[in-house]
Amino acid sequence: MNAVIRRFADAPALTRAALDLVAAAAREAIAQRGRFAMALSGGATPLPLYAAMAREGYGAPPEATLFFFGDERLVPVSDSRSTFGVVAPLLFTPSPVPVGNIHPMPVEIRPAELAAATYEAEVRQALGTAPGEVPRFDLILLGLGPDGHTASLFPGSPALAETAALVAAVPPPTTAAPAVPRLTFTLPLMNAARRVLFLTTAKGKEAALAKALADRPDPAVPASLVRPDGELAWLVDEGQGGVRRDQPK
């Protein structure tokens, strides 16, 4: 696998490295295209990164940054299970990001398939994608679940076989709580990105992580199927002390 894998002793070290990579991607995007388009991930690992982005900046002016989400549970924003509801107070409330530049998934739309199609159209319009082309995010953040899922692409999900739709509705997963329907980016959209950055802890995910980082993708581990046209990096919090190690692979 053509990726850079970096392992860290603790979460603060991972967060600092992640902020540096976000800033590098942002500066490159602004220099080349005058705009930075980023998709955020849920979970606990990236939360310190979002707080640091709001506090320290991230290499791009807020008015030239577009924020999207790689997946979401179909619950109200006020629900504690909402990724947007958790991220917004950390990243958007403290920083001057224009409201029109923030694109949460449309959890209020039903059925879920219509919500997925609506969000795909929003991504296409915002990124100015020509008909028949796949939008290219400058950076997509992803995480890793103990079962090998990433975003809301779970093992055995029909969404893994999607080749046309860029956003899919997925039923409540049986391997992750809470059991609510979700929307998710699909592999064609993820793999079109200029950069993909995985942020994960190693504890409790050792088997899934090893398979995700293997040279050959494993269909039973959805994260291993993310092989973008652009750059791929994994930042792993080993949480066991010692010196940080950088491991190109």
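The values are calculated or read from the model by the stated rules, or taken from the named source; none is laboratory data. Just so it is clear, the model here is predicted, and its values are computed rather than measured. Backbone-built Cβ (ideal geometry, glycine too); neighbour counts: all protein chains shown. Calculation scope for accessible area: heavy atoms of the full protein, side chains included, ligands and nucleic acids excluded. Shrake-Rupley method; radii C 1.70, N 1.55, O 1.52, S 1.80 Å.
Can you pull out the residues in the range 108-137 that are out of contact with any helix residue (DSSP H, G or I) (no Cβ under 7 Å at 6 or more places or on another chain) and of a type in the set (Val, Ile, Thr)?
Answer for the range 108-137, where residues must be out of contact with any helix residue (DSSP H, G or I) (no Cβ under 7 Å at 6 or more places or on another chain) and of a type in the set (Val, Ile, Thr): 118, 123, 129.
Here's the yes/no breakdown for (1) buried (at least 17 other Cβ atoms within 10 Å of the Cβ); (2) under 16 Å from residue 166 (Cβ atoms):
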| position | (1), (2) |
| --- | --- |
| 91 | yes, no |
| 105 | yes, yes |
| 114 | no, yes |
| 118 | no, yes |
| 123 | yes, yes |
| 127 | yes, yes |
| 131 | no, yes |
| 137 | yes, yes |
| 141 | yes, no |
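I want to confirm something. Restricting to the range 143-168 and keeping residues that are polar (S, T, N, Q) and surrounded by 17 or more Cβ atoms within 10 Å (Cβ to Cβ), which single residue is nearest to the chain's Cα centre (by Cα)?
Looking at residues that are polar (S, T, N, Q) and surrounded by 17 or more Cβ atoms within 10 Å (Cβ to Cβ), I get 150.
Can you give me the number of residues within the range 53-81 that are out of contact with any Gly (no Cβ under 9 Å at 6 or more places or on another chain) and not hydrophobic (A, V, I, L, M, F, W, C)?
Within the range 53-81, residues that are out of contact with any Gly (no Cβ under 9 Å at 6 or more places or on another chain) and not hydrophobic (A, V, I, L, M, F, W, C) number 11.
Against the definition (over 17 Å from the mean Cα position of the chain (by Cα) and in a loop (DSSP other than H, G, I, E, B)), how does residue 133 come out, yes or no?
Numbers: over 17 Å from the mean Cα position of the chain (by Cα): yes; in a loop (DSSP other than H, G, I, E, B): yes.
Judged against the criteria, residue 133 is a match.
Could you list, in sequence order, the residues of the range 183-231 that are assigned to a strand (DSSP E or B) and open to solvent by less than 10 Å² (accessible area, probe 1.4 Å)?
Of everything in the range 183-231, those that are assigned to a strand (DSSP E or B) and open to solvent by less than 10 Å² (accessible area, probe 1.4 Å) turn out to be 183, 184, 185, 196, 197, 198, 199, 200.
Any idea which of 44, 25, 39, 11 is among the small types (Gly, Ala, Ser), open to solvent by 20 Å² or more (accessible area, probe 1.4 Å), within 28 Å of residue 209 (Cβ to Cβ) and under 16 Å from the mean Cα position of the chain (by Cα)?
44
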